[in-house]
1. Need the failing condition index for ASN45 against (1) farther than 24 Å from HIS141 by Cα; (2) touching a Ser or Thr at 6+ places or on another chain (Cβ under 7 Å), just the number.
2. Being over 30 Å from LEU100 (Cβ atoms), open to solvent by less than 70 Å² (accessible area, probe 1.4 Å) and assigned to a loop (DSSP other than H, G, I, E, B) is the requirement here; does GLY26 meet it?
3. Where in region 68-158 are there helices (runs of 4 or more DSSP H), lying wholly inside it, with at least 2 residues that are among the small types (Gly, Ala, Ser) and free of Cβ contacts under 8 Å to residues at least 24 places away in the same chain?
4. Among ALA178, ALA162, which is touching a His at 6+ places or on another chain (Cβ under 7 Å), open to solvent by less than 50 Å² (accessible area, probe 1.4 Å) and within 25 Å of HIS84 (Cα to Cα)?
5. If I filter region 128-145 for residues that are over 20 Å from the mean Cα position of the chain (by Cα) and open to solvent by 70 Å² or more (accessible area, probe 1.4 Å), do I get at least one hit?
6. Taking interchain pairs and intrachain pairs at least six residues apart, which have beta carbon atoms under 6 angstrom, with the first residue in region 43-67 and without any contact (Cβ under 8 Å) to a residue 40 or more places away in the chain and part of a helix (DSSP H, G or I) and the second surrounded by 14 or more Cβ atoms within 10 Å (Cβ to Cβ) and of a type in the set (S, T, N, Q)?
7. Got a sec? Which of ARG70, ARG92 is basic (Lys, Arg) and surrounded by 11 or more Cβ atoms within 10 Å (Cβ to Cβ)?
8. Going by the structure shown, is SER78 within 18 Å of ILE61 (Cα to Cα), surrounded by 14 or more Cβ atoms within 10 Å (Cβ to Cβ) and of a type in the set (Ser, Thr, Tyr)?
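The values are calculated or read from the model by the stated rules, or taken from the named source; none is laboratory data. From a predicted model like this one, the values you see are computed outputs, not experimental measurements. Cβ atoms come from the backbone with ideal geometry, glycine included; neighbour counts cover every protein chain shown. Just so you know, the surface numbers come from the protein's heavy atoms only, side chains and all, with ligands and any DNA or RNA stripped out. Shrake-Rupley method; radii C 1.70, N 1.55, O 1.52, S 1.80 Å.
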Amino acid sequence: MKLLKAFWKRLASPSKAAVGVVLFMGFAGGLLFWGAFNTGMEATNTEEFCSGCHAPIVAEIQETIHYSNRSGVRAICSDCHVPHEWTDKIVRKVQASKELVAHFMGTISTQEKFEAKRGYLANREWQRLKANDSLECRNCHQFDYMDFSEQSPRSVKQHSTALASGDKTCVDCHKGIAHKLPDMHGIEGW
């Protein structure tokens with residue numbers, strides 16, 4: 001009984017070395033977890049990762065101004081579909097996890113299956129962009145920095161009206177800017 005009491009007493013007041021080892025291991029484990037987590041997050045932001053499931057879509061963008069243009073600035077999938085701020089990015093990645101489930105279930109595993117769901121998927125993405133005020137577009141395009149003198153008269157009118165009213169967002173007018181527009185026949189809300 002004395003031995004048991006001594007053991008529990010020893011556990012109740014651990015040595016400084018034991019506390020140091022536990023704290024160091026916790027810190028090191030946290031760093032390793034954070035590093036692995038961040039590496040995984042960035043790996044899922046690459047064009048190579050996206051094209052694993054969305055190869056036809058990734059090929060489509062190569063025909064647009066977002067891929068090749070006079071300024072040499074090229075957008076990749078995550079530039080337009082993943083917010084840049086860390087907390088918004090985490091929320092989007094959690095939302096996108098169901099897309100991975102759909103991929104593994106074979107929901108859009110063929111071009112025919114993808115085309116059949118394309119309108120639904122596009123509408124869902126447009127609604128997401130509308131709800132967040134086209135946050136991903138605004139990472140690169142901001143009204144404050146637009147040179148209206150370099151735009152066509154129609155663009156100036158549309159942009160200045162949208163800027164003044166505040167009720168429109170990029171995706172309201174720029175659907176299909178990087179991907180071909182799907183057939184929206186039979187899609188709810190269209």
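1. Exception for ASN45: condition (1).
2. Values: over 30 Å from LEU100 (Cβ atoms): yes; open to solvent by less than 70 Å² (accessible area, probe 1.4 Å): yes; assigned to a loop (DSSP other than H, G, I, E, B): no.
For GLY26, the condition - over 30 Å from LEU100 (Cβ atoms), open to solvent by less than 70 Å² (accessible area, probe 1.4 Å) and assigned to a loop (DSSP other than H, G, I, E, B) - is not met.
3. Working: elements: 77-81, 86-105, 111-131, 135-138.
Once the helices (runs of 4 or more DSSP H) in region 68-158 are filtered for at least 2 residues that are among the small types (Gly, Ala, Ser) and free of Cβ contacts under 8 Å to residues at least 24 places away in the same chain, what remains is 86-105, 111-131.
4. Working: ALA162 fails: touching a His at 6+ places or on another chain (Cβ under 7 Å).
Unique residue meeting the criteria: ALA178.
5. Here is the first cut: in region 128-145, the residues over 20 Å from the mean Cα position of the chain (by Cα) are 143-145.
Then keep just the ones that are open to solvent by 70 Å² or more (accessible area, probe 1.4 Å); that gives 144-145.
Within region 128-145, one or more residues are over 20 Å from the mean Cα position of the chain (by Cα) and open to solvent by 70 Å² or more (accessible area, probe 1.4 Å).
6. That search, which allows pairs on different chains as well, returns VAL58/SER51.
7. Values: ARG70 fails: surrounded by 11 or more Cβ atoms within 10 Å (Cβ to Cβ).
Residue meeting the stated conditions: ARG92.
8. Working: within 18 Å of ILE61 (Cα to Cα): yes; surrounded by 14 or more Cβ atoms within 10 Å (Cβ to Cβ): yes; of a type in the set (Ser, Thr, Tyr): yes.
When the stated conditions are applied, SER78 passes them.
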